[in-house]
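The values are calculated or read from the model by the stated rules, or taken from the named source; none is laboratory data. What you are looking at is a predicted structure, and each value in this text was computed from that prediction instead of being measured. Cβ placement follows ideal geometry from the backbone for every residue including glycine, while neighbour counts extend to all protein chains displayed.
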Amino acid sequence: MNKEIKELNKISYNEFKYTDTKHRFDLTNIEYDKINELVREVNKIKKQLEEQETEDIDTVERELNKMF
């Protein structure tokens, strides 16, 4: 189940500058949530790659053991 990660919309400096504090806080939390979502996805991919690498090594070892 691959979920597309959507990009955030940028706001201009003036928009940010004149935004009330609560809205800035909300924007910052949205950004942190997005960063954390990306970190989770990267960690998931790293784990999958590590598992695949382990499986590949096990397969090679089994084949070598058959040969000798």
### Query
Looking at the range 17-31, which of its residues are loosely packed, with under 10 Cβ neighbours inside 10 Å and part of a helix (DSSP H, G or I)?
Lys17, Thr21, Lys22
### Query
Cβ-Cβ below 6 Å, separation at least six or inter-chain, first residue in the range 38-64 and modelled with pLDDT under 90, second surrounded by 10 or more Cβ atoms within 10 Å (Cβ to Cβ) and in a helix (DSSP H, G or I): which pairs?
none
